């Protein structure tokens, strides 16, 4: 199995039979998934199904126990001292935003480009302001995170990740910590980026968003991918029993 | 001689002034080395190394479990038997600094841990390396937590330093005690020493207050720019 890796020309990330355990608990039980260039994949599934762990393996926040992950055709798996180089290309947005509270919105965005990529202060600021415009809060550049609403904080966090110009954006339940009225403003930004061709992997419970934005929907349960289908097919009901049951539960309220 | 006159005479005398200088010197040097020791201990605690962790546990157990007075006398009288001979001033500083380090380590650890794991993860995900996460994310926030209680340690040390009179360091309390025992005018001698102590602690408290205001305030530089709606909507976030 291990050496039987098919490289697909469109895939930017190829995960093959990856396994991950936390102590005795196996969270990923041999997961394979391709993320195609310029496409958006939405991963859904019940809590504890391994969705977040899967995408955290892609940017090496978790180190897999078995299997292979290829990024642009090169293996990134294994605990690698050069992990940070992989992270230059794969950005991540977190459920709880995780802005740096001692820095302003603009400073949050410009810090990593300045210290990691060595971009000049002026250039970083200019780019940062453009990104704040892109996420539709240009007026908040000098605000500190605790002066922003949850939706605004998450949009700054998205801008912060974009500032590194990653080739792939990973979103780990980006709206789960938000009040309902703020979910839309964040999803709109993610949708816009996706439509502009940003390769995106979004872990979310927002099925309406999945239907609108995803090219493929992946359904995970108990550490396995149960369903991986084009969005239309996924929502047409032409899916496995487990996926159907999940959809009924989540769409019934 | 009138009590007030004698007190004033003591306060302005060379010997009391030098005693006060000695007390201040002991305090500053001991806290300084205490910070160095505390930093080393805090880092050793964070590092995942069994041997180092055990050494730190024994260190903390010893220095927190015995009186400072015991430690001062130990350094001055016992260490020479093992070939380590220190002046009375050095013995005092060594004992006070080693003792202080045990407490400052705890302050440092609290500061480092005040920066949530999520922020470190986010910084790591932005391709920062470990030292950059420490330098740009953890330390700037940890310092705001660490510096105010270190001010308290200065005030504590100022009072603790009187203990080194036991090994005949000519600090303020020893000077006052000696002056009084020659003429039994304890009230005047102790009042003179008390004035110095209170003057020092008042200055320290004043400095500490300003540092605290800085620590709290620097993050809220432009609070004035914030509209009330945003503040209201973020209130519940902070309690989360």
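The values are calculated or read from the model by the stated rules, or taken from the named source; none is laboratory data. Remember, predicted model here, so these are calculated numbers, not experimental data. Please note: Cβ atoms are built from the backbone with ideal geometry, for glycine as well, and neighbour counts cover all protein chains shown.
Taking the condition touching a residue at least 40 places away in the same chain (Cβ under 8 Å) and either facing another protein chain (nearest Cβ under 8 Å) or out of contact with any helix residue (DSSP H, G or I) (no Cβ under 7 Å at 6 or more places or on another chain) (or both), does residue A:146 pass? When the stated conditions are applied, residue A:146 passes them. Residues in region B:61-68: is at least one modelled with pLDDT of 95 or more and in a loop (DSSP other than H, G, I, E, B)? For region B:61-68, residues modelled with pLDDT of 95 or more and in a loop (DSSP other than H, G, I, E, B): present. Of the residues making up region B:141-169, those that are crowded, with 18+ Cβ neighbours inside 10 Å, away from chain A (no Cβ under 14 Å) and over 16 Å from the mean Cα position of the chain (by Cα) number 4.
Taking region A:76-105, which residues are more than 21 Å from residue B:116 (Cα to Cα) and either in contact with a helix residue (DSSP H, G or I) (Cβ under 9 Å, 6 or more places away or on another chain) or more than 8 Å from every other protein chain (Cβ to nearest Cβ) (or both)? So that I can check it myself, show each step before the final result.
Taking region A:76-105 and keeping what is more than 21 Å from residue B:116 (Cα to Cα), we get A:76-83, A:85-86, A:88-90.
Hits for region A:76-105 are A:76, A:77, A:78, A:79, A:80, A:81, A:82, A:83, A:86, A:89, A:90.
Only one of these is at pLDDT 95 or above, assigned to a helix (DSSP H, G or I) and either farther than 30 Å from residue A:110 by Cβ or in contact with a strand residue (DSSP E or B) (Cβ under 6 Å, 6 or more places away or on another chain) (or both): B:96, B:160, B:174. Name it.
Values: B:160 fails: at pLDDT 95 or above; B:174 fails: at pLDDT 95 or above.
Only one candidate passes the filter, namely B:96.
Within region A:167-181, the set of residues being within 9 Å of chain B (Cβ to nearest Cβ), within 17 Å of the chain's Cα centre (by Cα) and either surrounded by fewer than 22 Cβ atoms within 10 Å (Cβ to Cβ) or closer than 16 Å to residue A:109 by Cα (or both) comprises A:177 only.
Being surrounded by 14 or more Cβ atoms within 10 Å (Cβ to Cβ), more than 21 Å from residue B:172 (Cα to Cα) and over 18 Å from the mean Cα position of the chain (by Cα) is a description that does not apply to residue B:37.
Just checking, which of A:12, A:41 is modelled with pLDDT of 95 or more and either part of a loop (DSSP other than H, G, I, E, B) or farther than 30 Å from residue A:249 by Cα (or both)?
Values: A:41 fails: either part of a loop (DSSP other than H, G, I, E, B) or farther than 30 Å from residue A:249 by Cα (or both).
Within the list A:12, A:41, the selection yields A:12.
Which residue is surrounded by the fewest Cβ atoms within 10 Å (Cβ to Cβ), if the candidates are limited to region A:153-166 and must be in a helix (DSSP H, G or I) and either more than 9 Å from chain B (Cβ to nearest Cβ) or in contact with a helix residue (DSSP H, G or I) (Cβ under 6 Å, 6 or more places away or on another chain) (or both)?
If we filter region A:153-166 for residues that are in a helix (DSSP H, G or I), which is where we start, we get A:153-162.
Those left that are additionally either more than 9 Å from chain B (Cβ to nearest Cβ) or in contact with a helix residue (DSSP H, G or I) (Cβ under 6 Å, 6 or more places away or on another chain) (or both): A:153-156, A:158-160, A:162.
Details: A:153: 28, A:154: 31, A:155: 29, A:156: 27, A:158: 24, A:159: 26, A:160: 31, A:162: 22.
My answer is A:162.
When the residues of region A:92-126 are narrowed to those that are at positive phi and buried (at least 17 other Cβ atoms within 10 Å of the Cβ), which ends up farthest from the chain's Cα centre (by Cα)? Full working, then the answer.
The first filter runs over region A:92-126 and keeps only residues at positive phi, leaving A:97-98, A:118.
If we keep only those that are buried (at least 17 other Cβ atoms within 10 Å of the Cβ) too, we end up with A:97-98.
Values: A:97: 12, A:98: 14 Å.
Selected residue: A:98.
Per the listing B:84, B:146, B:150, B:155, the residue uniquely in contact with a helix residue (DSSP H, G or I) (Cβ under 9 Å, 6 or more places away or on another chain), at pLDDT below 95 and not in a helix (DSSP H, G or I) is B:84.
Residues that are in contact with a helix residue (DSSP H, G or I) (Cβ under 7 Å, 6 or more places away or on another chain), closer than 26 Å to residue A:114 by Cβ, touching a residue at least 40 places away in the same chain (Cβ under 8 Å) and within 14 Å of chain A (Cβ to nearest Cβ) are absent from region B:126-136 altogether.
For region A:40-50, the condition of being buried (at least 23 other Cβ atoms within 10 Å of the Cβ), more than 12 Å from chain B (Cβ to nearest Cβ), at positive phi and touching a helix residue (DSSP H, G or I) at 6+ places or on another chain (Cβ under 8 Å) holds for at least one residue. Of the helices (runs of 4 or more DSSP H) that lie entirely inside region A:47-134, those containing 2 or more residues that are modelled with pLDDT under 95 span A:83-89.
Give the residues of region A:135-179 that are at pLDDT below 95 and in contact with a strand residue (DSSP E or B) (Cβ under 8 Å, 6 or more places away or on another chain), sorted by residue number. If the condition is that a residue be at pLDDT below 95 and in contact with a strand residue (DSSP E or B) (Cβ under 8 Å, 6 or more places away or on another chain), then no residue fits.
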